[in-house]
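Report on the following structure.
All of the numbers you see were taken from the coordinates with simple rules; none came from a lab. No experiment lies behind these values; they were computed from the predicted model shown. Cβ: placed from backbone, ideal geometry, glycine included. Neighbour counts: every protein chain shown.
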Amino acid sequence: MFTARCAIFSAALLSAMMTDASLAETPNLGKPIDEAAIAAWDISILPDGTGLPKGSGTPAQGAVIYAEKCALCHGDNGKGGGPAAALVSDNVIAGISASQKTIKNFWPYSTTIFDFVRRAMPFQTPRSLTDDEVYALTAYILAENKLIGANEMMNAQTLPQVKMPNRENFIIRFPDRI
Amino acid sequence: MANARHRNARGQPLEAAAGNGLIDRRALLGRGMAFAGAMSAGIGPSSAAAGAEPLADDPWSMEVGDPMPLYQVPSKFETKVARTLSNPNHEPRNSHARTPHHLLEGTTTPNGLHFAINHAGVPTIDPEKHRLVIHGLVKRPLEFTLETLSRYPMISRVSFVECGGNSAPMFSPEPMQETVQALHGLASCAEWTGIKLSTLLEETGIDPGAKWFIAEGADSPRLSRSVPIKKALDDAMIALYQNGERIMPGNGYPMRLLLPGYEGNMNVKFLRRIKLVDQPAMSMYEARTYSQILPNGKAYRFYFLQEVKSFITSPSHGMMLKGPGLYEISGIAYSGTGRVEKVMVSADGGQSWAPAALQEPVLSKAFTRFRMPWRWDGGPATLQSRAWDEAGNVQPTRAEFVAARGELTKPAPVLSFPNQHYNSITSWGVGSNGEVKHVYG
């Protein structure tokens, strides 16, 4: 009796283990991709500067590009008035409306400007700007907002160092979900 | 008490469940026949009233119908059942399409009516050329095609998707006179089929330093969001099918990230790349757009969760009740935390409540249809619903919600997103003339 029970138990255990093994088996059809190939895909930039490319730009260089490629939607000198949001503003947040948010009073990290411009702008011709041009536009937007000096150059080292005024003003809603 | 006209088939009065005409939900469930009997006795057509006119065949009964189409669309009499568009002239900005909840029933949103927000139009993606790359803090970076992914073990699950900005018009200090479609139309529910993200991560391996993953779309703005790795190992999936067919172009064809219960924008469409990282990217959509300003001037970050919510879809704003009598209150409830546990309904602005019938099956992180029989006596009524989820979360009253999250100083345009993650009670006021309007109860 004992032996029979033991055998049934062993068989059940073996069957359970096999089920687990078969669940763990996957088709393995992903094609390995090497670092060189990944570089062409990867445009992610992290707030500590990881991922920022080589290159640089100044506010003065950015002003020229801005007037040509950005002003139509974002208004002269980034002050708005066109179909897209203002990029330069001294607005102070009063009340809970999201329409109050500006780069200066809300955006916590300067790297976000570079990342968004490089991946998504100009709206009609995204990723047509060179990395130097993106640095220059980022420098121009930061300088017009008086977040950096008028002649400060932005590159992979300087951009993550820019102190954004609202950085410490956020509360993580559900910390246990992170 | 129900008056003499409202009796069931056995002649017993229908049981009042709460004030202003709410009738026990069991009139719908266990005593369906009794309820039907009561309806015909109350407001149904009287057979004796029919005249002696002979029954004539209608034209469609006298001729051969239309040929069968390859892919059928709803009847031509249903063309008003459509989404509303925020950007019909395709101007250079984002576009929203809202689900017409007041014209639908059940819990499944038809694919053509699923809500969508696209930030630079709907891309036309060749499925043969689309690739998904998983890289970053993994042991083996891998590239997948749609064809190879189709060989993987799949799962199906019903899940709602809701924009973090759904219901945002209700941050206004006055009730905006808008339909349930305009107020709550940025939420829909479908059966999604695809591959668990954890299955693919088993093949790539996960570096212990990976705490987040960045998901990126193949649309022109390369929309990108950061998601905790916790969600990847829980119920995140790469969805390939929507209600049994390939995902609609506006909903992410040929593949999208599905994060059940999480803010719509994080469910990245046209998914092309997943990068495992040690910190969030602080992409524009998380660092700016989907961070919510609070009354104290600080802002919430990484809200993620679409919290427990419900709203009545019928009767709702813009409808006209045709005289006193029996009606069915019908609505939708859901929670990003899990299953809906109960929905309470009030017809007197929250003074008294009764439990609504929940349509089975009640699924986790999915739309749950609730129903409640109601006898309108022709007087003023304020209809409300309030949901609880299995984790014990309760939908806040508007007063509770405003105390915590604030409200606008003046109404914002109905298509704008002045703030996000609004989940308090919606109230529909019924006037003595039968007109239904949005009110704050």
Average Cα contact separation per residue, region B:188-255, under 8 Å, 6 or more apart, as relative contact order %: 41 percent
Net charge of neighbours whose Cβ lies under 13 Å from the Cβ of B:A190, counting Lys and Arg as +1 and Asp and Glu as -1: +1
Mean Cβ neighbour count within 10 Å, used as a protection proxy, ranking A:62-70, B:409-417, B:297-305 highest first: B:297-305, A:62-70, B:409-417
Unit charges at the beta carbon, dipole of chain B: most positive-side option, B:V340, B:P88, B:L14: B:V340
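Which percentage, to the nearest 5, of the DSSP beta bridges contained in the protein assembly as shown is antiparallel? List each step's numbers first, then the result.
Values: 83 of 91 bridges.
If I count the DSSP bridges inside the protein assembly as shown, around 90 percent turn out antiparallel.
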From phi via Karplus (6.51, -1.76, 1.60), per-residue ³J(HN,Hα) for region B:252-259 in Hz, x at Gly/Pro: x, 3, x, 7, 9, 7, 10, 10
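Can you classify region B:126-183 as rounded, prolate or oblate using the Cα gyration tensor, where a ≥ b ≥ c are the square roots of its eigenvalues, rounded means a/c under 1.5, and otherwise it's prolate if a/b beats b/c and oblate if not?
Numbers: a/c = 3.38, a/b = 2.65, b/c = 1.28.
Taking the square roots of the gyration eigenvalues as a ≥ b ≥ c, region B:126-183 is prolate.
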Semi-axis lengths (Å, descending) of the ellipsoid that matches the C-alpha gyration tensor of chain B: 42, 27, 20
Taking region B:172-294 and dividing mean pair separation by its residue count, relative contact order in percent (alpha carbons under 8 Å, at least six apart): 29 percent
Compactness of the protein assembly as shown, expressed as Rg and Dmax over alpha-carbon positions, Å: 27.8, 93
Surface/4 estimate of mean projected area, convex hull on alpha-carbon atoms of region A:45-169, nm²: 7.2 nm²
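Treat region B:109-223 as a sphere of radius equal to its Kirkwood radius over Cα pairs and apply Stokes-Einstein at 10 °C in a medium of 1.306 mPa s; give the translational diffusion coefficient in µm²/s, rounded to a whole number.
Values: Rh = 17.4 Å.
Estimated diffusion coefficient is 91 µm²/s.
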Within region B:171-187: backbone nitrogen closer than 18 Å to the B:K410 label point (7 Å, Cα to C-beta): B:171-177
For region B:198-208, Karplus couplings with θ = phi - 60° (6.51, -1.76, 1.60), whole Hz, Gly/Pro x: 5, 4, 6, 6, 4, 6, 7, x, 10, 5, x
Sequence-distant residues sharing a close amide H with B:R272 (under 5 Å, placed H): B:E216, B:G217, B:A218
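What number, in percent, do you get for the relative contact order of chain B if the mean sequence gap of Cα pairs under 8 Å and at least 6 apart is divided by its residue count?
Details: 1040 pairs, mean separation 79.3, N = 441.
So the answer I get is 18 percent.
Return the average number of partner chain Cβ atoms within 10 angstrom of each residue Cβ along peptide A:123-136. Provide the component values of the computation, followed by the final result.
Details: counts 6, 3, 1, 5, 3, 0, 0, 0, 0, 0, 0, 0, 0, 0.
Going residue by residue through A:123-136 and averaging, the value is 1.
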Overall form of region A:105-173 per C-alpha gyration tensor (a/c, 1.5; a/b vs b/c): oblate
Cα gyration tensor shape for region B:148-213, rounded if a/c is under 1.5, else prolate or oblate: oblate
Within region A:45-169: Cβ-based charge dipole about Cα centre, in debye rounded to nearest 20 (Lys, Arg +1; Asp, Glu -1): 200 debye
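Could you sort the peptides B:59-70, A:32-43, B:164-175 by per-residue average Cβ neighbour count (10 Å cutoff), highest mean leading?
Values: B:59-70: 6.5, A:32-43: 13.0, B:164-175: 21.7.
The densest-packed peptide leads the list: B:164-175, A:32-43, B:59-70.
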Under Karplus coefficients 6.51, -1.76 and 1.60, residue-wise ³J(HN,Hα) of region B:63-75 in Hz, glycine/proline x: 9, 6, x, 6, x, 6, x, 4, 10, 7, 10, x, 3
